[in-house]
Each structure stands twice: as structure tokens, then as C-alpha cells.
Amino acid sequence: MTSPFNFQNKNVLVVGGTSGINRGVAESFAKSGARVAVVSRSQEKVDDTIDSLKKHGAADSKGFAADVREPDVIKQGIEALHGEWGDFDVVISGAAGNFPALATGMSANGFRSVVEIDLLGTFNVMQAVYPFLTKPGASIINISAPQAIIPMVGQSHVCSAKAGVDMITRTLCLEWGAEGIRINSIIPGPIDNTEGMKRLAPNEKIRNLVIKSVPLQRMGTADDIADACLFLASDFAKYISGAVIPVDGGWAQGGVAVVGAALASVLNDSKS
Ligand code: NAP
Ligand code: COA
């Protein structure tokens, strides 16, 4: 299928864009002709992704290594990118951490590490990019998760953090809308071959349960999420802001609870 989207002469930043879903998103913007920059903690992963973005057709590709929990480092890196390219037209924020653990099976630091990466990290990225957004016209997309709306056993940290991420989306829609900045969240369903699903569906039995629990009867791909990002970042979505959009084959309508039940049995078995 030929892409209807053209992002030539656009500057795109993907935070957490060096693996999995977000890397797929970054590569799709590269295919659409954008200049694309990525950020994550590992310099090696950043370098590898910069090469891949070039191969996928990016007009230019850059990146820097930083932890979203360090606001000053994130600010400096984004300011430096802005110095080279100018204002950002599209920002995708999706750095995240997850591990399955019951609330009684994680320390305060374990809970904090996920909340700091997902929620505080999103806040840090939003604050850092704001001065450098195209106004009017910028589109921000926060990558959320089903746990933001559906409680799941073994996910108290992620549920809390991602619910907060969606509230940042909705609040900044109010605060920044008058300047012509749109901001939305995407809630991916279960996406195959990702770190996230390796952690949540750690064996073939749970994987098959997950597939059967999706109304469209398949796991998603990074391309499914990338297509939604391209749409949301394009003029076709020019009146969409403050939306929290599941891109999940219908999973949020009920099937997602299956993972919680399966995780509960794994975590409770390991307790006894
Ligand atoms: P992933 O491959 O582990 O990607 C996470 C990315 O974030 C990596 O680039 C990682 O690179 C970066 N990162 C992690 N901690 C960071 C930090 N403290 N500072 C900066 N960068 C950091 O995960 P994924 O499964 O594709 O998930 C991607 C996004 O989709 C996440 O927001 C996740 O919550 C969401 N999601 C995933 C699924 C799924 O099925 N996988 C479903 C729903 C939602 P470094 O290690 O180099 O830092
Ligand atoms: N069960 C219980 N606690 C756990 C745990 C688990 N499976 N895994 C980590 N923790 C705890 C650690 O014990 C530590 O707490 P402590 O200091 O009280 O012992 C705390 O979490 C932080 O761990 P640490 O490894 O120091 O954190 P980090 O900042 O280096 O890494 C994580 C953050 C834990 C989220 C790590 O898994 C990560 O980097 N994930 C990124 C990739 C990812 O999760 N992808 C999926 C995205 S959906």
C-alpha cells in the first residue's frame, strides 16, 4: 500500500525510539521523508537507530543518549537538536519501563522507577520540547498503554503511571491548544515481538491466550501503531486533540483482562 503521508521538510523527535514499537514509528516517519531524531539511554542503540533511519529514507537522522528521568540532560539534548534543525513538527514520547510484580512484591524504588520513567519522563519531555515546537501546527503523541484505563494484576506501577500520562495529554491539550499545538495519546494493544509483550506474555500459553482475546484475532505490529501516528501527525487529523485512542484490534473492549488473569496465576505461583 502506498503511504498517503508525506513528512518531507518536517522535524520529528521520537523519545524512546531505539527499539520496539517506537523504533518502528521512527522508521515510518523516515520512510515518509522526515528528518527524524531519537533519544534513549543507550548510545549504542541510538547509533544503530540513526543508521537504520538513514537506510529507511530519512532526510536526516540524529539522536542522543539520555535518561528521561534527568530533565536537564533531556533539555540540553533537545535544545542542541533544535539548534541544528529548528522547530519540531512532531514529537512522539514513548520511553517506558515495565516488569510484572504484585504490589507486595516490589519495593518503593521499583514502583518509583516505572513511575519516574513513564510519567515524570513524559512530563520532562513535554517541558523540554515546548519552547521548540512549531506554533501553530505541532503534533505531540504520547504512547500510553491499556493499563491506563484497565487495572491489571502485577501492574500497579504501570497502571498508575500510564493513567497519569493520559492526564498529561488531556491537560496539555487545554494549556497549549490556543497556540495551535495538538496532543493525543495512543494506546497500543499487544504488539508482537516487543520487549513489552515478552514481559507480559512470558510463555507460549499466555501468548496464545492473548491472540485469542483480541477481537481481530491477532497481535498488532509496530506498523499498526506507526500508521496511527502518521495519521495523527498529519493534516488529516487537524481537528483531533486531547484524544486517547486505542490502536488495539478492539482489545480494550474486554480481552485485555485476560493478560491480568494469566499474570496473576504466574505471579501467585511464584509466591507459593
Ligand atoms: P521497548 O522496546 O523496551 O522500548 C522502550 C524504549 O524506551 C527503548 O528505546 C528504551 O531504550 C527507551 N527507554 C527505556 N527507559 C528509558 C529511560 N529511562 N530514558 C530514556 N529512554 C528509555 O518497549 P516496547 O514494548 O516497544 O514499548 C514501547 C512503548 O509502547 C512503551 O511506552 C510501552 O509502554 C508502550 N506499549 C507497549 C505495548 C507492547 O505490546 N509492547 C503495549 C502497550 C503499550 P534504552 O533501553 O536505550 O533506554
Ligand atoms: N520485580 C520486582 N522488582 C523489580 C523487578 C521485578 N521483576 N525488576 C526490577 N525491580 C526493581 C529493582 O529491584 C529495583 O528496586 P530496589 O532498588 O528496591 O531493589 C527497582 O525495580 C529499579 O531497578 P533497576 O534495575 O535499578 O532500574 P533501572 O532504572 O535500571 O531500570 C526497569 C528500570 C526496572 C523498568 C528496567 O526493567 C528497564 O530499564 N526497562 C526498560 C525496558 C522495558 O521495560 N520495556 C518494556 C516497556 S513496556
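The values are calculated or read from the model by the stated rules, or taken from the named source; none is laboratory data. The shown structure was predicted, so the numbers you read here are calculated from the model rather than taken from an experiment. Reconstructed Cβ throughout: ideal geometry from the backbone, glycine too, with neighbour counts over all protein chains shown. Areas reflect the complete protein model, heavy atoms only, side chains present, ligands, DNA and RNA absent. Shrake-Rupley method; radii C 1.70, N 1.55, O 1.52, S 1.80 Å.
General observations
- Two-site FRET efficiency, residue 193 against residue 243, from Cβ-Cβ distance with R₀ of 22 Å, rounded to 0.05: 0.20
- Selected from 142, 208, 11 as most flexible by GNM, with the chain as the system and alpha-carbon contacts under 10 Å: 208
- Most positive-pole-ward Cα, 136, 88, 125, against dipole of segment 68-137 from beta carbon charges: 125
- Computed about its Cα centre, the charge dipole of segment 54-168 is approximately 240 debye, with only Lys, Arg, Asp and Glu carrying charge at their Cβ.
- Virtual paramagnetic centre 7 Å along Cα→Cβ of residue 3, amide N under 17 Å, in segment 120-148: 139-141
- Radius 14 Å from Cβ of residue 255, net charge of other residues (Lys, Arg +1; Asp, Glu -1): +2
- Comparing 182, 112, 69 in a Gaussian network model of the chain, where Cα atoms under 10 Å apart are tied by springs, the biggest mean-square fluctuation is seen for 112.
- Each Cα pair under 8 Å and six or more residues apart adds its sequence gap; the mean of these over the residue count of segment 124-193 is a relative contact order of 43 percent.
- Dividing the helix sum by the residues of the chain, where each DSSP H run of 4 or more adds -39500 (n - 2.57), gives a mean residue ellipticity at 222 nm of -14000 deg cm²/dmol.
- Segment residue 44..residue 171, full-extension length gain: 42.2 nm, with 0.36 nm per residue of separation and the alpha-carbon distance subtracted.
- Largest mean-square fluctuation among 22, 193, 184, in a Gaussian network model of the chain whose springs join Cα atoms under 10 Å apart, belongs to 193.
- For the pair segment 35-78 / segment 145-222, the C-alpha centres are spaced 23 Å from each other.
- Apolar share of the accessible surface for the chain: 54 percent from carbon plus sulfur atoms, 1.4 Å probe.
- About the Cα centre, charge dipole magnitude for the chain (Lys/Arg +1, Asp/Glu -1 at Cβ), debye: 520 debye
- The H on the amide N of residue 92, modeled in the peptide plane, is under 5 Å from the matching H of 13, 14, 15, 141, each at least 5 residues off or on a different chain.
- Amide hydrogen neighbours beyond the local backbone of residue 247, cut-off 5 Å, H modeled: 187, 189
- Which of 40, 64, 26, positive extreme of dipole for segment 10-111 (C-beta unit charges): 26
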